[in-house]
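Nothing in this text is a laboratory measurement; each read-out follows from the coordinates by a stated rule. Remember, predicted model here, so these are calculated numbers, not experimental data. Note that we place each Cβ from the backbone using ideal geometry, even for glycine, and neighbour counts take in every protein chain shown.
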Amino acid sequence: MLWTLQWYIFREMGKTFLLTAIGLTALIGLGGGVMNMVEAEQITADQLLRIMIMILPVAASLTLPVAALFSATVTYGRLSADNELVACRASGINIHHLLLPTLVFSLVPAAVTFYSVNYVIPGMVENLARVVKADAVRFARNRLQSPGRLALVKDRYRIYADTSEAVPGETANGVRTPDRLVLSGVAFVETSRSNWVRYGTAKTIDIRFDMGGERAVVEGDMYGLSLYDRRRQQWTDFDRDSIAPYEIDQTLPKRLAWRNLDELLYFRRRPAEIPEVRDRLDALRAGIACTAFFESVAQQWNDTGGKQVRLGSGPSSYTLASGEMKPDVEKALIVFSKTVTVREEADGRTRTLTAPEATLTVRRTRGGPGGESVLKLSGGVQIVGPANSGGPQNRPQVDLDPFPLPDAAVKEAESLSDRYLSDAKARSELAPGPWVRKLHGDFRNRLEQARRKIAALIHSRLAFSASVLVLVILGAALSIIFRGAHVLIAFGISFVPSIFVIVTIIMGRQLANNAGTAVAGILVMWGGIVLVGALNAVTLTRFVRR
C-alpha cells in the first residue's frame with residue numbers, strides 16, 4: 001500500500017512539475033530572446049529563434065527548481081486539504097514516508113542546477129552573444145534602418161543609405177572572398193574624437209566583411225563623393241576614397257563569472273594565470289625590467305669618466321653624452337641635461353643631435369615584460385649629419401626611433417617566478433622605487449580580489465544547488481500544515497522561503513568579494529540554507545506528525 005501511495009503522489013507531482021517547467025522555461029526563453037533583440041535593436045526572426053533555442057537549456061536549469069517547489073506545494077497542499085493525509089495517518093501510515101517523491105523531485109533539479117550553473121550557463125553565455133553578431137552583413141543592414149544608423153571604424157563613420165544590397169562571398173580554389181554590403185544613396189559623417197571632421201554624400205559604398213579567424217577585418221571603398229571638410233572649410237569632390245581596414249575582436253573576454261567549475265578550480269590553484277591578473281603581473285615584470293635597465297644606464301654613467309652611455313642595438317643605436325643625469329624613479333624616466341649630445345647610428349648613416357635636455361622613458365609592450373625605450377630631445381634641437389646637405393637643421397624637439405629593452409633586463413624580470421612575485425614579502429625585496437612598489441601593490445590587489453571572487457563563485461553555485469533540496473522539502477511540509485491546495489497559497493508558501501535563500505546567497509556573494517568580509521560572506525551564503533534546513537527539521541518533527 002505504501003508504494004501505491006508514493007507512486008500516486010509521484011504521478012500527481014509529475015504532472016504539475018511538467019506543466020510548470022514547460023511554461024516557465026518558454027516564458028524565460030522568450031524573455032531572453034527579447035532582451036537580446038532590444039540590445040541589438042533589430043534582429044531577424046530566425047536569429048530570434050536561434051537565440052531562444054540556445055536560451056532554453058539555460059532557462060530550464062533555472063525553472064526546474066521552481067517547478068519542483070511549486071509542484072510539491074500544490075500536490076501536498078491538495079492532499080492535506082482533501083484530508084487524504086488524515087486518512088493515511090488513520091491507517092497507521094507514517095506521513096514522513098510519503099515525502100519520498102518530494103525527495104526525488106528535489107534531488108533531480110538540484111543535480112541539474114549544479115551541472116547547469118557550473119557548465120551549461122558558462123558555455124551558453126559566450127555563444128549567445130555571438131548569434132546576433134555572427135552574420136555581420138545582415139546585422140549591418142539592420143543597423144542602417146535603426147535611428148543610430150550604421151557605425152564603422154569604432155564609430156568614426158556614421159552612415160545612412162537609401163538602399164543596401166548584400167553580396168555573399170564566393171569560394172574559388174579553396175579561398176573565399178569576403179562578404180560585401182553595397183550601399184547606394186549614401187550620406188555620412190566622419191568624426192575624430194567625437195568631433196565632426198567631414199560630412200557629405202557618396203553615390204555608393206562597398207563594405208567588405210572578412211569574418212575568418214578570431215579577428216574580423218572590415219574595410220571598404222566610397223565612390224562619387226562630395227563632402228565638406230570642416231578643418232579646411234571647403235567642399236571637395238572625390239571619385240574614390242577608402243575606409244581603412246580595421247579589426248573587430250570576435251573573441252569575447254571571458255570573465256570569471258562565466259567560467260565553468262573546472263576552470264575555477266584550476267585558477268584557484270594558479271590564480272596568476274587568470275587573464276586579468278596575468279596582465280597586472282606582466283606590467284609588474286615590465287616595471288622590474290625598466291628599473292633594471294635604468295640601473296644599467298646609471299652604472300654606465302658612473303663607470304665612464306666622459307659621462308657617456310650607450311643605448312640601443314641593431315638598426316638604431318645611440319651614444320649619449322651630457323653634463324648631468326637625474327633619474328626620476330617616481331615617473332620612471334631619466335632626465336639628461338646641461339648640453340646633451342647624441343650620436344645616432346641608424347641604417348648605416350650617422351648624425352649628431354644637440355639639445356639642452358633629453359628624456360629617456362620606457363613604453364610597455366603588451367603580452368610580456370618587454371618594452372621599448374624612447375629618447376626624446378627637447379628645448380631646441382640642432383641636427384648635423386649627411387642627410388642635411390644644406391647645413392644644420394633646427395627643430396623644437398625630436399623623438400628618436402625607439403629601441404627594445406636590453407635582453408639582460410628582460411631576462412632578469414622573467415627569472416622571477418609567479419610564486420615569488422605573488423608573495424607579499426617580495427614588495428620589500430624588489431628594485432627600489434615607488435613605481436615598482438605601486439605595480440606590485442596593484443598586482444597583489446588584483447590577485448587577492450580574484451581569489452576571493454573564485455571562492456565566492458564556487459560557494460554561491462554550490463549553495464544555490466543545495467538550496468533546491470531544502471526548499472522543496474520545506475514547501476511540501478508547509479503546504480501540509482497550511483493545507484495549501486489553492487494556487488495562491490501554494491505560491492506564497494514556495495515564494496517566501498525561496499526569496500529568503502536567494503537574498504542570503506546574493507548578499508553573501510557580495511560580501512565574499514570584499515577583503516574585510518570574505519569569510520562572513522561565505523557564512524551568510526550557507527547560513528540561509530542552514531536556517532531553512534533547521535526549519536525543515538522542526539516542521540517535520542513537531543508539526544507534520546505520524
Problem set entry | Residue pairs, from the table Lys425/Lys453; Lys326/Lys411; Lys307/Lys438, whose Cα atoms sit over 29 Å apart | Lys307/Lys438
For this session: Would you work out if region 281-421 is rounded, prolate or oblate? Take a ≥ b ≥ c from the square roots of the eigenvalues of the alpha-carbon gyration tensor; rounded if a/c is under 1.5, else prolate when a/b is larger than b/c, oblate otherwise.
Result: prolate
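Relative to the Cα centre, what is the charge dipole magnitude of region 281-421, using +1 at the beta carbon of each Lys and Arg, -1 at the beta carbon of each Asp and Glu, and rounding to the nearest 20 debye?
Working: 16 positive and 17 negative charges, 54 e Å.
Dipole magnitude for region 281-421 comes out near 260 debye.
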Exercise. Roughly what would the spin-label model give for Thr304 and Phe500, points 7 Å off Cα along C-beta, in nm?
Worked result: 7.7
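For Cα pairs less than 8 Å apart in space and 6+ apart in sequence, what is the mean separation divided by the residue count of region 281-421, i.e. the relative contact order in percent?
On the way: 290 pairs, mean separation 31.7, N = 141.
It comes to 23 percent, rounded to a whole number.
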For this session: For Ala408 paired with Asn83, estimate the spin-label separation in nm (one decimal), with each label point 7 Å from Cα along the Cα-to-Cβ line.
Result: 9.8
